[in-house]
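Read the figures in this text as sums done on the coordinates, not as results from a lab. These numbers come from a predicted model, not from an experiment. Neighbour counts run over all protein chains shown; Cβ positions are idealised from the backbone, glycine included.
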Amino acid sequence: MLYQLGLILRGLPWTILITAVSLLIGCILGYPIMLGRNARSLPVRLVSIAFISLIRAVPPLVWLFIIFFGVGTGAFSMSPLTAALIGLGLIAATNMAEIYRGGLISIHHGQWEAAQALNLGGAHTFRDVIAPQMFRVALPSSATYAIGLMKDTAIASTIGVPELAYQGARLTQETFQGLKVFGMVGLIYILLSLPIAWLSRRADLYLRAKVAR
């Protein structure tokens, strides 16, 4: 059993890498997408809405196939890992944009009016008043999505990324012990999700205390 567990754990660094990098891409790109979604300019807003709708309407597995077997077989050759990071990163960006937008909408309009009454500029208002509250509200949803994204990394196995699900499928083919093998894979996913949930609660408490001051 320990030998089988060791083989499965070979995929752990790949799962963590894909989750972390895809989430980082999503957190960074999601912010300008959210700004575009709420822009005063109608063309910018429509383009952002169309982009979000397009990315979210297609299943993640299909996006990975399009990027790896479609784009990746042409002039833009790429590795399975690169294709997985691009696909899951874009999907994470659109989801994070909606999470950010939910946090922004939750802030009462009086916050903006109070900042204007204090003669704060638009940039200072957003940075010092709105953004801290927006990110605090968005944090629980972001953590939930991070756990979901970690589980979605399993689809990267379909294009050859040797993460946990890939190692589990390979070991199952060798041993014909699917229940035992994927039971261990599922347990690893559960153990990975626990630190994310704990860090989310700690960060939420910290931000609440900071905002209260």
| Residue-wise, which Karplus ³J(HN,Hα) couplings in Hz belong to the range 30-37, taking 6.51 cos²θ - 1.76 cosθ + 1.60, θ = phi - 60°, and x for glycine or proline? | x, 5, x, 5, 4, 5, x, 5
| query | Taking neighbour Cβ counts within 10 Å as the exposure measure, how do V44, V129, V137 sort from fewest upward? | reply | V44, V129, V137
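Taking the Cβ of each residue in E98, E163 as the centre, tally the other Cβ atoms inside 10 Å and list the residues starting with the fewest. Write out the running numbers ahead of the final one.
Details: E98 18, E163 25.
Going from least to most buried by this count: E98, E163.
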| query | For R101, R40, R56, what ranking results if the residue with the fewest other Cβ atoms within 10 Å of its Cβ goes first? | reply | R40, R56, R101
| Residue by residue, what Karplus-based ³J(HN,Hα) values in Hz, rounded to whole numbers, does the range 138-145 have, using 6.51, -1.76 and 1.60 with θ = phi - 60° and x for Gly and Pro? | 7, 4, x, 5, 5, 5, 4, 5
| note | HN-Hα couplings for the range 63-73 via Karplus (6.51, -1.76, 1.60; θ = phi - 60°), in whole Hz with x for Gly/Pro, come out as 4, 5, 5, 4, 6, 7, 7, x, 5, x, 9
| remark: In vacuo Debye sum over C-alpha of the chain, base-10 log of normalised intensity I(q)/I(0) at q = 0.14, 0.16 Å⁻¹, listed in q order, is -0.92, -1.09
